[in-house]
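Q: One structure is given below, represented as structure tokens, and several questions about it will come after.
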Amino acid sequence: MAEITYDKFDLGLDLRKGPSVSDANRLRVLQNAYVNTGHTLTKRPAAVKVATLEAGTKGLRPALGVLNTFYENGTIVHANPLFVANKVPHPTLSQSVVRAHFCLPFLGFLYAVVEYADGSVWHHYLDGTSPTRITDPNCPQTKAVSLSASKIWAAGAGEGSTVRFSAAGNPRNWTGVTDAGFISPGIQQDGSQVVTALGQYQNKLGIFFKDGAQMWTVDQNPTNNALFQRIYGVGCPFPRTPAAFSTDIFFASAMGVRSLTIAAFTSNMQDVDVGSPIDTLVVPTLTGTPIGAYVPGLGQYWLAVGTTIWVFTFSRTSKISAWSQYIFPFTVDDFAPLNQFLYLRSGDAVYRLDPTQFTDDGVTVSVLIEMPYLDLKLGGHMKQIYAVDAVVQGTCTLALRFDPRDPTKITDTVTLSSDTRPGPIIPLEVMAEEVAPVFTHAAGEAFKLDWLKIYYNDLGISGGP
């Protein structure tokens, strides 16, 4: 009789190797759970509905201590004081708001970038001035926007290779002689020269193209604006995905999630293929308008596409850099962190993530975890697996895939609950060279996977005498 224990799942989702040659701590499937600081797997928080908003608004952006929504015409007041509806009229008063691309407080007022049903984009500064929209002809009215050095920065209009900036402390002035103007990062690009996204990182402005990026040092005095470094080969065509995270900027590229980071001791910017473990999963989903954000209360970067959230969990002290996939029973139109909580909007419904709840507004949060094929450290040997033990919180089922060439070949399931070690071992029989454990949890309760032990007999080299 032999046994082997698996108690670290610290690398999360990783599909870079095939299922029969991957390491035990690199998972093939990790749905609705994440790697915690103990290197075990925990069920994600559930989405609890907190409000059904009055019809007519779009967006969900945190600023000035509340969650902001936007509408085009009439008067809308949210009954729940956590939400504030902001009127942002279209020039013709006939186009409804479809999306809020940017919203940040600027000198105590909101600066918002809003897209309308006719496809137009307008910048608004809600300082009590009428009209709220920026009327300066040099404001490019584009989606890619950032706030840095007390100025608003926006990608040039049309097929522009420029980035324009407002006057310091005056976001309505984009024509000032001394401190408003533009920079021309596109002329220093070898590939595409069209600016597609902007992101802020410490005192640097990240400027993205489809196939490259630049970091600029920016200042209230335009004469101090200067190119810091060019980064080749990775770009960002999705303007709502860049987010400062730890010492990086995370963003979605055509190749998957990537990041820019300052290399230690050199102050050089480098691109990092942080999302490469799940590129094959993420790239096919990158359609429409993906949304990215750093979620400070959870220490995670979220990339939302439809009903799916790709989640990167990072902890420097616990040495965690792990991906997982969250699936919700509704389309995530927007999400916003506020006061250490995360809120999600779907249509007019708004939900708050709550780790003490275990259903998404009554819909069970189902967890699926699949490990790679394990040879139990005896490659090429046939094994008679006859039992398992596990330490879990909550209840789950376990089955074993036993042929990497045919994933439909799987054992019957056994039920695991709590700590199985004090009692008899749990019978689970199969003869195979490799097995891939598959855990399924589908109950309205907390769930955590800490530990798995497999009991087996070594039958010797497969096909041998």
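What follows is calculated from the coordinates using simple rules that are stated; it is not laboratory data. Keep in mind it's a predicted model, so treat the numbers as computed, not measured. Because the Cβ atoms are built from the backbone with ideal geometry, glycine has one as well, and the counts that use them run over all protein chains shown.
Q: For the chain, what is the per residue volume of the convex hull drawn over the alpha-carbon atoms, in cubic angstrom?
A: For the chain, the hull spanned by Cα atoms encloses 162 Å³ per residue.
Q: Quick check of the Kirkwood formula: for segment 63-124, what is the inverse mean of 1/r over all pairs of different Cα atoms, in Å?
A: Every distinct Cα pair counted, the radius reaches 12.0 Å.
Q: Quick one: grab Rg to one decimal and Dmax as a whole number for segment 63-183, Cα atoms only, in Å.
A: 14.1, 45
Q: Moving on to the next point. Taking 0.36 nm per residue of sequence separation and subtracting the Cα-Cα distance, how much length would be gained by fully extending the chain between Y386 and L107, in nm to one decimal?
A: Value of the extension gain: 93.7 nm.
Q: Further question on the same structure: Grab the beta carbon distance between A446 and T331, set R0 = 25 Å, and tell me the FRET efficiency rounded to 0.05.
A: Approximately 0.45, to the nearest 0.05.
Q: Another question, if that's okay. In square nanometres, what is the average projected area of the Cα convex hull of segment 24-79?
A: In nm², the orientation-averaged hull projection of segment 24-79 is 6.9.
Q: Calculate for the chain the 222 nm mean residue ellipticity that helices alone would give, adding -39,500 (n - 2.57) per DSSP H run of length 4 or more and normalising by residue count, nearest 500 deg cm²/dmol.
A: 0 deg cm²/dmol
Q: Could I ask something else about it? For the residue pair A244 and V48, what label-to-label distance in nm results when each label sits 7 Å from Cα along the Cα-to-beta-carbon direction?
A: My value for the distance between the label points is 3.2 nm.
Q: In nm, to one decimal, how far is the I187 label point from the S417 one, both placed 7 Å along Cα→Cβ?
A: The answer from the label model is 7.3 nm.
Q: Gain in length, V283 to S96, computed as 0.36 nm per residue apart minus the alpha-carbon separation, to one decimal in nm?
A: Going from the current span to full extension adds 64.2 nm.
Q: So, how do all the Cα-to-Cα distances of segment 244-377 break down into 5 Å bins, in percent, from 0 on up?
A: Pair shares across the bins are 2, 9, 17, 21, 20, 15, 9, 5, 2, 1, 0.
Q: Turning to a different aspect of this structure: Dipole size in debye (nearest 20) for segment 332-465 around its Cα centre, Lys and Arg Cβ +1, Asp and Glu Cβ -1?
A: Dipole magnitude for segment 332-465 comes out near 340 debye.
Q: How compact and how long is segment 150-196, expressed as Rg and Dmax of its alpha-carbon atoms in Å?
A: Both quantities, over Cα of segment 150-196: 11.4, 34 Å.
Q: Something else now. On full extension of the chain, what length is gained from K17 through T5, given 0.36 nm per residue of separation minus the C-alpha to C-alpha distance?
A: 2.1 nm
Q: Another one. Would you mind giving the average projected area, over all directions, of the Cα convex hull of segment 273-318 in nm² with one decimal?
A: 3.8
Q: A further question on this structure: Charges at C-beta only: +1 for Lys and Arg, -1 for Asp and Glu. How large is the resulting dipole of the chain about its Cα centre, in Debye rounded to 20?
A: Rounded to the nearest 20 debye, it is 780 debye.
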